[in-house]
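Step one of this worksheet: look at the structure below.
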């Protein structure tokens, strides 16, 4: 019988998602679409600085997730952050989204995986990181 995916694998996957979007797309500005989204929503004058600040926050978010500290809290925070960002973008800037309004399905899929890992997976019974065997 196959064993369940260990929680640290979910933590690494989720942290990589936040680090990729935070560092590559926002801090290093390798995907200008992210800056354009921020500029259109929050204003062009400080779009790059705000985008980089958001990216720095995403890097910190990834560290929190990887630490597995308050696992269920981090799962809830991810779901709230992703859904909030996507609702705002869905309404205000759908033309700048990678898949347009279909991005909502990608966001829901990600949130579903986070919800599973954070609340339904066998290792989600505790907020503490699992102890090594």
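Here, each number is a calculation from the coordinates, and none is a lab measurement. A quick note: this is a predicted structure, and the numbers were derived from the prediction, not measured. Ideal geometry is used to build each Cβ from the backbone, glycine not excepted, and the neighbour counts take in all protein chains shown.
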Using only Cα atoms, find the angle between the long axis of helix 7-19 and the longest principal axis of the chain, and express it within 0 to 90 degrees, rounded to the nearest 10. 10
So what is the relative contact order for the chain, in percent, with contacts set as C-alpha pairs under 8 Å and at least six apart? 28
Fewest to most Cβ atoms within 10 Å: 44, 58 sort as 44, 58
Within a Gaussian network of the chain (alpha carbon springs, distance under 10 Å), most fluctuating of 98, 24, 50: 98
Kindly provide the helix-only [θ] at 222 nm of the chain, computed as the sum of -39,500 (n - 2.57) over DSSP H runs of four or more divided by all residues, to the nearest 500 deg cm²/dmol? -20000 deg cm²/dmol
What distance in nm separates the two pseudo spin-label positions at residue 81 and residue 5, each 7 Å out from Cα along the beta-carbon direction? 1.9
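Report the calculated FRET efficiency for residue 42 and residue 16 (r = Cβ-Cβ distance, R0 = 22 Å), to the nearest 0.05.
Values: r = 26 Å, r/R0 = 1.19.
For R0 = 22 Å, the calculated efficiency reads 0.25.
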Any chance you could give the angle, 0 to 90 degrees and rounded to 10, that helix 47-67 forms with the longest Cα principal axis of the chain? 0
